[in-house]
Amino acid sequence: MKFSEILSKLADINLSHSLINYPDCDPDLESVEAIEYAANKQLSYIEGAKFARHIHTTNASALILPPDPSLQSTANQRGIAWIASQQPRLLFAQVIALFYQPCQPTPHIHPTAIIDPSAAIGKDTYIGAYAVIGAKVKLGNGTQVYPHVTIYPQVEIGEQTILHANCTIHERSRIGANCIIHSGAVIGAEGFGFVPTAEGWYKMQQSGYTILEDGVEIGCNSTVDRPAVGETRIRRNTKLDNLVHIAHGCDIGENCAMAAQVGLAGGVRIGKRVILAGQVGIANDVKIGDGAIATAQTGITGNVKAGAVVSGSPAVSNKLYRKVSAIYKRLPEIYQIFRQLKQNN
């Protein structure tokens, strides 16, 4: 694909971008690659000072650059075609889509799929080998159900949603349109609800619902539990990485992102645009405000205000955490000073 062709297609989908290109060369491009490894006939991007140094050594034939005149001048000197954007990484993601799209199966129902006669199957649906679809399930138009998926009775799944191989959707679950559920994920399984008695643990039936709104993506081997009453809800366009656990009764706002091994206890309330880095843990019934960020391995036991950035366990402000971390490695030295002062007194 010619660089000029890419520019033309980007102009169609990036009306909000300010795009500038270096028109004196129009290389053929075959693929995309990270800036450190890019070779001839590949396109890459630079975002942030950490990667800017690669402008001097990269073998890429074309680059997406920030609006930095020095980077653009170097690209000109090296004969590298370029395009500039305020959001190079976003533009790079859109270029990737020009070179690669996930496989799209031809709509059909595999003869080994087991489908209850009462299930309502939408148009242009793909149902793979050995998938099991229970009674009164509703599948929207264009859904993709890959091999060995199990959908329990009365589940509703919206249009264009993709259920990858070996995921399981339990009863009393509703999944919106344009969602992606990756392999091994379990949606709507019984929450961890037991009442202590003199004889042991009495099982509380989980009669609530699990709701995933439009555009939600659930990573491999992640779990979203069904509550005893009420609902567990993940709101529009929120993204979960692999190995994330959402306990019963949680409510997660729109456009949130959770990295691998995040764990939410029951009843957690999370606002919009919240980011939880890897291995963050949140205790029962905690409320997290809009736009808050928790860095990796943060343990949150109390409410977090909107826009706050927290770290550590138990969680404190990220600014305080960084100060404490800087002091931590000096504690033996500080202790010796303190001990000497005490002896002198």
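Bear in mind that the values in this text are calculations on the coordinates, not laboratory data. These figures come from a predicted structure and were not determined experimentally. Positions of Cβ are generated from backbone atoms using ideal geometry, with glycine treated the same way; all protein chains shown enter the neighbour counts.
Normalised by the number of residues in the stretch 3-99, the average gap of Cα pairs under 8 Å and 6 or more apart makes the relative contact order 31 percent.
Dipole check for the stretch 114-322: with +1 at the C-beta of Lys and Arg, -1 at the C-beta of Asp and Glu, and the Cα centre as origin, the magnitude is about 560 Debye.
Each peptide in 291-300, 52-61, 107-116, 196-205 gets a packing score, the mean of other Cβ atoms within 10 Å over its residues, and the list from highest to lowest is 291-300, 52-61, 107-116, 196-205. In a shell of Cβ-Cβ distance under 11 Å around Gln160, excluding Gln160 itself, what net charge do Lys and Arg (+1) and Asp and Glu (-1) give? Net charge in that neighbourhood comes out at -3. Under 28 Å of direct C-alpha separation, and excluding same-chain neighbours fewer than eight residues apart, Lys123 reaches these lysines: Lys136, Lys138, Lys239. Taking the DSSP beta bridges with both ends in the chain, the antiparallel portion is around 10 percent. Using helices alone, I'd like the mean residue ellipticity at 222 nm for the chain: each DSSP H run of four-plus residues gives -39500 (n - 2.57), total over residue count, nearest 500. Here the helix-only value at 222 nm equals -5500 deg cm²/dmol.
For Leu320 and Asp24, the difference between the fully extended length at 0.36 nm per residue and the C-alpha to C-alpha distance is 101.5 nm.
Structure note, pairs Lys9/Lys41; Lys287/Lys323; Lys272/Lys319; Lys272/Lys305: Cα-Cα distances above 24 angstrom occur for Lys287/Lys323. The mean sequence separation of alpha-carbon pairs under 8 Å and at least six residues apart, normalised by the residue count of the chain, gives a relative contact order of 6 percent. The order of the peptides 83-92, 310-319, 140-149 by mean Cβ neighbours within 10 Å, most packed first, is 140-149, 83-92, 310-319. Between the labelled values (1) 23.5; (2) 21.7; (3) 21.0, the entry that holds Kirkwood radius over Cα pairs in Å as derived from this structure is (1). Taking the DSSP beta bridges with both ends in the stretch 3-99, the antiparallel portion is around 20 percent. For the stretch 33-99, the list of GluC sites (Glu not before Pro) that fall in a loop by DSSP and count at most 13 other C-beta atoms within 10 angstrom reads Glu36.
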